[in-house]
1. Out of the total accessible area of the chain (probe 1.4 Å, heavy atoms of protein only), what percent is carbon and sulfur?
2. Determine the calculated [θ] at 222 nm for the chain from helices alone, applying -39500 (n - 2.57) to every DSSP H run no shorter than 4 residues and normalising by the residue count; nearest 500 deg cm²/dmol.
3. For a quick size check, give me the Cα extents of the chain along its three principal axes, largest first, whole Å.
4. Taking the Cα centre of the chain as origin and charging only Cβ (+1 Lys, Arg; -1 Asp, Glu), how large is the dipole, in debye to the nearest 20?
5. Placing +1 at every Lys and Arg Cβ and -1 at every Asp and Glu Cβ, with all other atoms neutral, what dipole size does region 135-208 have around its Cα centre, in debye to the nearest 20?
6. If you count only protein heavy atoms and use a 1.4 Å probe, how large is the accessible surface of HIS32, to the nearest 10 Å²?
7. Just want to confirm a number: the relative contact order over the chain, from Cα pairs under 8 angstrom separated by 6+ residues, in percent.
8. If you roll a 1.4 Å probe over the heavy atoms of the protein chains, what accessible area per residue do you get for region 124-245, in Å²?
Amino acid sequence: MRLFQKHFCVVAISLSAISPGNAQLLVEPTLHIKSEAGSGRVALTLDACGGKTDTRILSALVENEIPATIFVTGIWLKHNAAAIEIMRAHPELFELENHGGRHIPAVDTPQKIYGIRSAGSPEAVLAEVESGAAALAVTGEPVPKWFRGATAEYSSSAIAMIRKLGFKIAGFSVNGDGGSLLGAKETARRIAAAKDGDVIIAHINQPTHAAGEGVVQGLLELKAKGLTFVRLDDADGVGDEGTTD
Ligand SMILES: [Zn+2]
């Protein structure tokens with residue numbers, strides 16, 4: 001028992017040593033779309049954080065006429081002109097929304113989330129959201145209505161600020177690809193398991209990762225089962241943590 005207490009004490013001390021004093025508890029909001037009669041419908045959301053385009057996914061969406069909401073950053077928009085052209089040529093399939101200017105987590109206190117440094121102040125959160133919207137405006141796309149921050153984690157105060165700017169915040173209910181780090185099989189299994197009302201998150205910016213192959217497989221399985229796909233703008237999205245109301 002004493003050994004346990006001593007051990008516990010050491011753990012407690014080391015935890016307090018690595019947590020910055022002002023770190024906030026973060027929230028990872030969920031999002032669902034309202035169910036509709038029939039064989040069910042899901043919303044596919046794909047993040048384009050930076051880097052390149054996974055053309056396996058993009059081509060499969062076009063060939064199989066699967067609509068998707070793509071969350072793009074200013075960084076990604078700069079380097080993926082060919083992909084943007086394809087998306088803009090299919091306005092019936094692709095809705096482009098705001099994933100921030102520089103892919104910086106929308107957390108207004110300094111801390112790291114999955115190794116990424118947070119915006120760190122209210123001003124920096126606003127700059128991230130507004131620069132993402134400005135980068136999208138240059139492409140000629142409709143004004144974005146949804147925002148999803150890098151890492152999809154937020155401080156509650158950042159959520160309130162982003163809502164005041166007029167954006168709904170896009171959580172999710174099915175983590176399809178585990179940050180694009182999962183294998184093809186597990187990614188396909190998770191996506192194929194989506195049910196009526198689910199909002200799937202995966203990535204479209206990692207063409208060298210195995211997960212992308214799984215995204216395509218999972219989507220084709222859902223389609224074969226008769227589920228339909230909707231974009232966030234075409235569905236009533238209901239999120240928790242004050243993200244949509
Ligand atoms: Zn991202």
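The values are calculated or read from the model by the stated rules, or taken from the named source; none is laboratory data. These numbers were taken from a predicted model, which means no experiment stands behind them. Using ideal geometry, Cβ is built from the backbone for each residue, glycine included, and neighbour counts are taken over all protein chains shown. Just the protein is used for accessible areas: all its heavy atoms, side chains included, with ligands, DNA and RNA removed. Shrake-Rupley method; radii C 1.70, N 1.55, O 1.52, S 1.80 Å.
1. On the way: 6850 of 11770 Å².
Here it works out to 58 percent.
2. The helix-only estimate for the chain comes to -11000 deg cm²/dmol at 222 nm.
3. 63, 42, 36
4. Details: 23 positive and 28 negative charges, 165 e Å.
Roughly 800 debye, rounded to the nearest 20.
5. Dipole magnitude for region 135-208 comes out near 180 debye.
6. Around 80 Å² of this residue is reachable by solvent.
7. Relative contact order of the chain: 29 percent.
8. 41 Å²
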